[in-house]
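**Student:** This is the structure I want to talk about, given as structure tokens.
Throughout, read-outs are computed from the coordinates displayed, never taken from laboratory work. What you are looking at is a predicted structure, and each value in this text was computed from that prediction instead of being measured. Backbone-built Cβ (ideal geometry, glycine too); neighbour counts: all protein chains shown.
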Amino acid sequence: MGVIIRELGSDEFVLVDRLWEQYRGQETDRATDRVFGGFVDGTLAGTARVRHHPDGLEVDGVFVSEAYRSAGLARRLVQAVIDRFGHGTLWLHSTIPLIGFYGTFGFVPVKEEALPPTIRERLAFCFGEMVGCGVCPMRRDPPS
């Protein structure tokens, strides 16, 4: 199985949007998103996104199509994001079961109030109870 991990051009976001139909109907935003793709034998099988907010960088859109899971693709995608953007603080909203996974990259749980306002706003529907929504805010600082 030939695997290639690379940052996608905005002209390829249509491939991402098609893959993300399996992932809560998310869509890309050419103005704010940088997306890394994992291709298996030429097919886009997984993604990881960095969204530029006015007050920080948010990692999300880490998704691997079911047919390609359990092969380490998500790990390689997150590592590609860190290799490119890990020189600054990164934020994310992890599902509770994936806290340990993101912890292996240096992300640590933080209180919801610690999130930059525009990143916190994305989950405003949780009404200040992200854990109740099955979500844990996390932060990764660059190595010292």
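**Student:** Build a GNM of the chain with springs between Cα atoms under 10 Å: which of 11, 83, 33 gets the top mean-square fluctuation?
**Tutor:** Comparing 11, 83, 33 in a Gaussian network model of the chain, the most mobile one is 11.
**Student:** Roughly what angle does helix 73-85 make with the longest principal axis of the chain, taking Cα atoms, 0 to 90 degrees, to the nearest 10?
**Tutor:** Tilt relative to the chain: about 60 degrees.
**Student:** Could you tell me the distance between the Cα centroids of the range 76-102 and the range 1-59, to the nearest Å?
**Tutor:** Between the Cα centre of the range 76-102 and that of the range 1-59, the gap is 14 Å.
**Student:** Relative contact order (percent) for the range 3-140, with alpha-carbon contacts under 8 angstrom and 6 or more residues of separation? Please report the intermediate quantities before stating the final value.
**Tutor:** Details: 214 pairs, mean separation 27.6, N = 138.
Computed over the range 3-140, the figure is 20 percent.
**Student:** While we're on this one: Order of 110-122, 51-63 by packing, highest average Cβ count within 10 Å first?
**Tutor:** Result, highest mean first: 51-63, 110-122.
**Student:** Which of the peptides 34-44, 13-23 is most tightly packed, and how do the rest follow, going by the mean number of other Cβ atoms within 10 Å of each residue?
**Tutor:** Put in order of decreasing packing, that is 34-44, 13-23.
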